[in-house]
Amino acid sequence: MDQRDILENIPDVRDGLTRTERIILYVLNETQRELKGRSVPTVMLYGRVVEHINLTEAELHVYLDRLGIRTG
């Protein structure tokens, strides 16, 4: 792990979220607004999240579980 990876995985003191978790929540919120509150398919969320960060599907599921987000 290089220094950038380490810094990205340190939780923020304000809310305990990592940069990756914050990006996932932001993308999820934006996508829900576009879909007018409907459930966001996991595949769609993954496609939009990887536009911002490098993440595997398995890693996304781990983050979603950690955040308590149910996917469809």
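Checking [x] 38, 25, 19; [y] 32, 20, 20; [z] 27, 23, 23 against Cα extents along the principal axes in Å calculated from these atoms, the matching label is [x].
For the chain, the Cβ-based charge dipole about the Cα centre amounts to some 380 debye (Lys, Arg positive; Asp, Glu negative; other atoms uncharged).
Please give the residues of segment 14-39, grouped as numeric ranges, whose backbone N is less than 14 Å from a label point set 7 Å along the Cα-to-Cβ vector of LEU55. Under 14 Å, as judged by backbone N against the label point of LEU55, lie 17-32 of segment 14-39. For GLN32 and ASN9, a Förster radius of 35 Å and the Cβ-Cβ distance give a FRET efficiency of 0.85, rounded to the nearest 0.05. Remark: the chain carries 73 Å² of accessible area per residue (probe radius 1.4 Å; ligands, DNA and RNA excluded).
Given LEU25, VAL40, LEU67, which one lies farthest toward the positive end of the charge dipole of the chain, if we put +1 on the Cβ of every Lys and Arg and -1 on the Cβ of every Asp and Glu? Looking along the dipole axis, the top candidate is VAL40.
The trypsin sites (Lys or Arg not before Pro) of segment 23-62 that DSSP puts in a loop, and whose beta carbon has at most 14 other beta carbons within 10 Å, are LYS36, ARG38.
The values are calculated or read from the model by the stated rules, or taken from the named source; none is laboratory data. These numbers were taken from a predicted model, which means no experiment stands behind them. Neighbour counts run over all protein chains shown; Cβ positions are idealised from the backbone, glycine included. SASA here: full protein model, heavy atoms, side chains in, ligands and nucleic acids out. Shrake-Rupley method; radii C 1.70, N 1.55, O 1.52, S 1.80 Å.
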